[in-house]
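**Student:** One structure, as structure tokens, below. Some questions next.
The values are calculated or read from the model by the stated rules, or taken from the named source; none is laboratory data. All of these numbers come straight from a predicted model, not from anything done at the bench. Positions of Cβ are generated from backbone atoms using ideal geometry, with glycine treated the same way; all protein chains shown enter the neighbour counts. Each accessible area value is taken on the protein alone, full model and side chains, heavy atoms only, with ligands, DNA and RNA left out. Shrake-Rupley method; radii C 1.70, N 1.55, O 1.52, S 1.80 Å.
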Amino acid sequence: MIDADAPEEVMWAGRFITAKKRGRWEYVGRANGIGAAVIVAIDDGHVLLVEQYRVPLGRNCIELPAGLVGDHSEGEAAAVAATRELEEETGYRAGTMQALGEYHSSPGMVSESFTLFRAGALEKVGDGGGVPGEDITVHRVALDGIAAFVAAQRAAGKAMDVKLLLLLAPVLLG
């Protein structure tokens with residue numbers, strides 16, 4: 001456990017990301033106390049997914065709606081951010097937002113965690129698409145067709161976010 005006892009060094013810090021080193025391990029994390037919220041929004045047997053270009057991947061990625069917590073105002077509640085991000089990205093307003101726990105997406109190289117939320121009592125109030133410059137495409141996908149949708153999007157060259165495994169588990173483990 002020599003690495004666990006080593007002091008943490010900040011190698012580089014930007015507005016949103018900090019690169020760190022502890023012993024032999026190099027990793028990144030969110031800067032300035034910013035967190036993330038990920039939303040599972042199911043409406044009448046359909047799940048809301050978003051597609052947007054991701055610079056690190058160099059291509060579009062299919063994802064659950066998500067966003068940063070605390071990037072607009074310090075001390076922002078994760079549920080408030082989740083509600084805001086769902087509406088911005090998908091055009092759906094949630095009447096309820098239930099926290100389902102904190103998760104870590106890639107703990108071997110990223111210290112970031114996210115809070116997973118289930119959105120309920122959905123109401124379509126706009127087109128979505130995100131804030132200017134995000135260029136988000138909204139997909140409303142039947143739950144019983146999620147595996148085929150993912151396969152078709154993957155065949156079209158799109159990346160799949162790891163959190164889609166939540167929706168694919170019944171098919172993959174069935």
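**Student:** Give the residues of the stretch 80-127 that are part of a loop (DSSP other than H, G, I, E, B) and among the hydrophobic types (A, V, I, L, M, F, W, C), sorted by residue number.
**Tutor:** The initial filter retains those residues of the stretch 80-127 that are part of a loop (DSSP other than H, G, I, E, B), namely 91, 105-109, 111-112, 125-127.
Scanning the stretch 80-127 gives M109, V125.
**Student:** Which residues, taken from the stretch 47-83, are crowded, with 17+ Cβ neighbours inside 10 Å and in contact with a Gly (Cβ under 7 Å, 6 or more places away or on another chain)?
**Tutor:** Passing the criteria: V69, G70, E76, A78, A81.
**Student:** Further question on the same structure: Restricting the stretch 143-165 to residues that are in contact with a helix residue (DSSP H, G or I) (Cβ under 8 Å, 6 or more places away or on another chain) and open to solvent by less than 60 Å² (accessible area, probe 1.4 Å), which is nearest to I39 (Cα to Cα)?
**Tutor:** To start, the set of residues in the stretch 143-165 that are in contact with a helix residue (DSSP H, G or I) (Cβ under 8 Å, 6 or more places away or on another chain) comprises 143, 146-147, 150, 160, 164-165.
From the residues that got through so far, the ones that are open to solvent by less than 60 Å² (accessible area, probe 1.4 Å) too are 146-147, 150, 160, 164.
On the way: I146: 16, A147: 19, V150: 18, M160: 16, L164: 11 Å.
Here the answer is L164.
**Student:** Name the residue that is most open to solvent (accessible area, probe 1.4 Å), counting only residues in the stretch 128-140 that are assigned to a loop (DSSP other than H, G, I, E, B) and touching a residue at least 24 places away in the same chain (Cβ under 8 Å).
**Tutor:** Initially, the stretch 128-140 is screened for residues assigned to a loop (DSSP other than H, G, I, E, B), giving 128-136.
Checking which are touching a residue at least 24 places away in the same chain (Cβ under 8 Å) leaves us with 128-131, 134-136.
Working: G128: 33, G129: 15, G130: 25, V131: 64, E134: 55, D135: 134, I136: 17 Å².
Selected residue: D135.
**Student:** Take the residues in the stretch 1-13 that are in contact (Cβ under 8 Å) with a residue 12 or more places away in the chain and assigned to a loop (DSSP other than H, G, I, E, B); name whichever of them is surrounded by the most Cβ atoms within 10 Å (Cβ to Cβ).
**Tutor:** Checked the stretch 1-13; the qualifying residue surrounded by the most Cβ atoms within 10 Å (Cβ to Cβ) is A6.
**Student:** Give the stretch 14-45 a look and list any residue that's without any contact (Cβ under 8 Å) to a residue 40 or more places away in the chain and either open to solvent by less than 70 Å² (accessible area, probe 1.4 Å) or part of a loop (DSSP other than H, G, I, E, B) (or both), or say none.
**Tutor:** Selection gives G14, R15, I17, T18, A19, K21, G23, R24, A31, N32, I34, D44.
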